[in-house]
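The values are calculated or read from the model by the stated rules, or taken from the named source; none is laboratory data. Treat the numbers as computed from the prediction; the structure is a model and nothing was measured. Virtual Cβ from ideal backbone geometry, glycine too; neighbours counted across all protein chains shown.
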Amino acid sequence: MSRSTGGVMGKGAISAGAVAVLMLAAGCKAAAIDTDGGRPSASGEGGADDKPGASAPVTPAPDPTPGRTEPSRTPGPSRPAERTGPATPTVPPKTLLARGARGGQVRELQARLRQVAWFQQNPTGTYGPATAGAVKGFQGKRGLPRTGTVDTVTWQRLRAMTREPTRLELYAGGGIPPAKPDPRCLTGRVLCIAKSSRTLTWMVDGKAVSTMDVRFGAQYTPTREGTFSVYWKSRHHVSTLFHTAMPYAMFFSGGQAVHYSSDFAARGYNGASHGCVNVRDEKKIAKLFGEVRKGDKVVVYK
């Protein structure tokens, strides 16, 4: 008997399980099965809490992708509509300097080109063939059009590669505007010598008569500063110490004199004197030598 009963019970259990499996496969929740073999309630939810007329709770739809959680979406700002109008035209570079130009900006251009070894001469302030050739070389090396004229793009590139030229760099070949006269130069007959501008200005009663480029002594043989007077003039002087010619010499402090220097004329500021004030323009100092008198004042200042 027990074996037969077990067989009957086994068939009942299999039937109930099969029903549940079929319902789950259909996507439905299995109805509650009364353990006493009764029918499920009409609502589909068995148990004592089932009340007539009560609406059945809504079952959420299963996630189409098991194990995946749909991220929450936070609405962001709306993207503005793209404009499809005509593109802004490119502004062509503006020409700043070209051949024939003169002035301070040309001198600065030449000094900057000299810093990057494209201009081998001293700045002159005149935009000639040598300057145009240097600009072409600089442009070609940087992949810019080789026009030989300086436009805004070329100038900005050159400025980015160089520093602000000093006054002495701008006037490496001379021609610096004379410095403001020292007050001691404003009365009488004076050789007014300014180290800052490397100029000698011959002044009479506060008025400049002529100005010329000069150079001074080296670090260990500096030109003395102060107020002096011309005590000796020697037209064809030769140094007894260095055995070098000192034409148009006007001595003002010991062995230091104002005189013409052929070395200064040839080498410029690459050289220096042994303390004297060298003049490179022979014509100017020859005229000055004829005008200066023994006893005239000499002022050397920074």
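Some notes on this structure:
- Filter result for Thr227 (outside the structural domain of Gln110 (by TED's automatic domain parsing), at pLDDT below 95 and more than 29 Å from Ala111 (Cα to Cα)): no
- When region 112-123 is limited to residues that are within 19 Å of Thr152 (Cβ to Cβ) and in contact (Cβ under 8 Å) with a residue 24 or more places away in the chain, the one that is surrounded by the fewest Cβ atoms within 10 Å (Cβ to Cβ) turns out to be Val116.
- Restricting attention to region 144-194, the residues being small (Gly, Ala, Ser) and more than 24 Å from Gln121 (Cα to Cα) number 3.
- Only one of the numbered conditions (1) in a helix (DSSP H, G or I); (2) under 26 Å from Val91 (Cβ atoms) is violated by Gly143, and that is (1).
- When the residues of region 273-297 are filtered to those that are in a loop (DSSP other than H, G, I, E, B) and out of contact with any helix residue (DSSP H, G or I) (no Cβ under 9 Å at 6 or more places or on another chain), the one that is surrounded by the most Cβ atoms within 10 Å (Cβ to Cβ) is Cys276.
- Test for Pro165: is it at pLDDT 95 or above and surrounded by 15 or more Cβ atoms within 10 Å (Cβ to Cβ): yes
- Residue list for region 221-272, filter: among the charged types (D, E, K, R) and either in a strand (DSSP E or B) or in contact with a strand residue (DSSP E or B) (Cβ under 6 Å, 6 or more places away or on another chain) (or both): Arg224, Glu225, Lys233, Arg235
- Subset of region 214-253 (residues that are without any contact (Cβ under 8 Å) to a residue 24 or more places away in the chain, closer than 15 Å to Gly295 by Cα and surrounded by fewer than 17 Cβ atoms within 10 Å (Cβ to Cβ)): Ser234
- Among the criteria (1) surrounded by fewer than 21 Cβ atoms within 10 Å (Cβ to Cβ); (2) among the hydrophobic types (A, V, I, L, M, F, W, C); (3) under 30 Å from Gly103 (Cβ atoms), the one Phe264 does not fulfil is (1).
- Subset of region 254-296 (residues that are over 49 Å from the mean Cα position of the chain (by Cα) and touching a residue at least 40 places away in the same chain (Cβ under 8 Å)): Phe289, Glu291, Val292, Arg293, Lys294, Gly295, Asp296
- Tally, over region 173-213, of residues that are touching a Leu at 6+ places or on another chain (Cβ under 7 Å), loosely packed, with under 15 Cβ neighbours inside 10 Å and aliphatic (A, V, I, L, M): 0
- Any hit, region 189-208, residues being part of a helix (DSSP H, G or I) and either touching a residue at least 40 places away in the same chain (Cβ under 8 Å) or of a type in the set (Ser, Thr, Tyr) (or both): no
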